[in-house]
Amino acid sequence: MDMVKNEDIKIKLMPERSLHQIPVGSTGLSLADSLLPKGKEVLAVEVDGQVWDATRPLEDGQEVRLLTWEDKGGKHAFWHSSAHLLAQALERLYPGVKLGTGPAIERGFYYDVDFKGLSFDGNQLPAIEKMMLKLAKERNVFERKEISKKEAGTRLADKGMYKQEILAGLQDGQITLYEHGDFADLCAGPHLPHTGYIKSVKLTNVAGAYWRGDMNNPQLTRIYGISFPEKALLKEYLAMLEEAKKRDHRKIGKALGFFTFSEKVGLGLPLWLPKGTFIREKLSEMLRKIQEDQGYRFVTTPHIGHTNLYKTSGHYEKYKESSFRPITTPHEDETFMLKPMNCPHHCVIYQNRPHSYRDLPLRMAEFGTVYRYEKHGELHGLTRVRGFTQDDAHIFCKADQLKEEFSKIVDLILHILKMFDFEHYEAQISVRDTKNLDQYLGDDDAWEAAEQAIHEVVREKGLKAHVEEGEAAFYGPKLDFFIYDSLGRKWQLSTIQVDYQLPARFDLTYTTSTDEKKQPIMIHRALLGSIERFMAILLEHTAGKLPFWLAPEQVAVLPIATAHHAYARKVTEQLKDKGIRVRTDESNEKIGRKIRNTEVAKTPYMIVLGDKEMEKNTLAVRKQGHGSLGEMRVEDFLKMTDEARAKVKENPT
């Protein structure tokens, strides 16, 4: 048996949990040299759940995960380093520029800068990209330094007021500075080993941003960008951006006549046109049927509520900055708010009558419209609006029912994802920020019980999930589902939240079998999130080619000439009798134009009728985006469409 050298340490490599003996002073980078395949670069390391620089020395007993480009933490370090590279390029090109902050974001990075007195209009982005790549080739090492507050103040004296303000809010003994080349910045990291990892850069957008998000502060210029370790990846990304422009839900929604916006009505308040309204109602009908089969009972609540309702729930304090201002009445001390959440109203409905343990679980659902004050610059089509409808539900249950109810909701969500062909998804377990526990309601025991139930269900369902600290709701932990659309973009969709707090704040109770009064647990749940946001995601995922069962117009019957109109009407009536939404085009347009117009309208199927079809009593069928499916009888076409419609009728259990 080999003796362990005194200068060696042991680490556990994740996720394999294999033990490795390495020399003292070893880093994630040196560990990767012996473990990763040739050409596979480690960008950062996860140490005991925290992402570190790959160049930091490891310590005995740590759990270490090597992070590459395929890992979220690896991309974060890559884009965080790219933000620093952008700032360095700006200082080179614009001496005297004042820097704000520059974080990595979901996809890429940005830096907020003050160009006051300098000439910048956004046309200089290519020149900045060129400078970034030039600096990247210098392969400057990112050096992490722990320094005193006094030394940091001296080092950053020429950086301007924004860095000094950040420094003023930091505690001495917890300040780190990162240097690469001639650039230095306050930063907690992590970063790449050196700038040479960055092989391609694209600065994508320029926007205005108030310093620290406060409109009373100076407005800075925010430069967005993205970077990659290979040029080919940038090429793929730019191609995806071009495709995303074509799939923009705002463009598709306008072209297909689904919805519109008007400043006369108000920013962020969508107007649903007949076709769009049909889709909303079809979604609601589908969701209602599935939920009623699962024992949900639907309720309806007002669009406003007394301010005291939201003070009781805690939403007034937590959401007052993102809510519309209270509505006053002539009655003294009577103020109302546009409803920011449905859950307080549902708590009051629960209170409407006494409940026994036999009544639980009580599953309450509503398609409830809520209102949030989003700033002008944050509004974006249907994804960020001021009024939206949630497919909301709240389950009131006993402690011994929590896990089963949570599990049933997960099954329901997985059924919905399958129905819309969202094949790639992941789950996120959102827990408290352990460093800022005072921003959450409730005691530790309740939080721990709720988190344990979520972890157990996730394990039993075999879900791919990760834990995100600090993303919990203020009243409890949650499980969020993120889907990847056909372009590989990530969207948050469904959510399930466990809540011990609102039942306590509203003094909700049920009577046990021994006539004791006990508090129920409340589960908040949304399957689609909001109908507006889901509609935007679905339109971009499908490029407007909606599933057959959801399309406002399912079939277009296209007679070639006037002589075929009578046969076209006969076919149309046969389809209508079977519940198919069908339109007949008897215009004077040539058949090529009719086909093209139907393709543009994204109608799932079109039936072309001419002499041959009329004589043989058949249909020439074409499918949206696929061309001709050949000739078939009416009954064969109906069978095919029945299979397409059946998808929405499958039982989620």
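Observations
- Under the condition of being exposed (fewer than 10 other Cβ atoms within 10 Å of the Cβ) and part of a loop (DSSP other than H, G, I, E, B), the residues counted in segment 160-174 number 4.
- Selection from segment 194-225 of residues that are among the β-branched types (Val, Ile, Thr) and either open to solvent by 30 Å² or more (accessible area, probe 1.4 Å) or touching a Ser or Thr at 6+ places or on another chain (Cβ under 6 Å) (or both): Ile198, Val201, Thr204, Val206, Thr221
- Selection from segment 462-508 of residues that are assigned to a loop (DSSP other than H, G, I, E, B), open to solvent by 50 Å² or more (accessible area, probe 1.4 Å) and either hydrophobic (A, V, I, L, M, F, W, C) or more than 26 Å from Ile105 (Cβ to Cβ) (or both): Gly462, Asp507
- Condition check for Gly266: touching a residue at least 12 places away in the same chain (Cβ under 8 Å), within 26 Å of the chain's Cα centre (by Cα), within 30 Å of Ile537 (Cβ to Cβ) and crowded, with 18+ Cβ neighbours inside 10 Å: no
- The lone criterion from (1) open to solvent by 30 Å² or more (accessible area, probe 1.4 Å); (2) modelled with pLDDT of 95 or more left unmet by Lys578 is number (2).
- Each residue in segment 241-259 was checked for being surrounded by fewer than 14 Cβ atoms within 10 Å (Cβ to Cβ) and not in a helix (DSSP H, G or I), and 1 pass.
- Condition check for Lys282: among the basic types (Lys, Arg), in a helix (DSSP H, G or I) and touching a Pro at 6+ places or on another chain (Cβ under 7 Å): no
- Scope segment 509-523; condition open to solvent by less than 10 Å² (accessible area, probe 1.4 Å) and out of contact with any Pro (no Cβ under 8 Å at 6 or more places or on another chain); matching residues: Ile523
- Within segment 296-323, restricting attention to residues that are open to solvent by less than 60 Å² (accessible area, probe 1.4 Å) and in a loop (DSSP other than H, G, I, E, B), the residue that is nearest to Arg525 (Cα to Cα) is Tyr296.
- Considering Pro326, Pro340, the condition of being touching a Ser or Thr at 6+ places or on another chain (Cβ under 7 Å), at pLDDT below 95 and buried (at least 17 other Cβ atoms within 10 Å of the Cβ) is satisfied by Pro340 alone.
- Residues of segment 587-620 satisfying the condition of being surrounded by fewer than 20 Cβ atoms within 10 Å (Cβ to Cβ), free of Cβ contacts under 8 Å to residues at least 60 places away in the same chain and hydrophobic (A, V, I, L, M, F, W, C): Ile591, Ile595, Met614, Ala620
The values are calculated or read from the model by the stated rules, or taken from the named source; none is laboratory data. None of the values given here were measured: they were computed from a predicted structure. Glycine also receives a Cβ, built like all others from the backbone with ideal geometry; neighbour counts cover every protein chain displayed. What goes into the accessible areas is simple: the full protein's heavy atoms, side chains included, and nothing from ligands, DNA or RNA. Shrake-Rupley method; radii C 1.70, N 1.55, O 1.52, S 1.80 Å.
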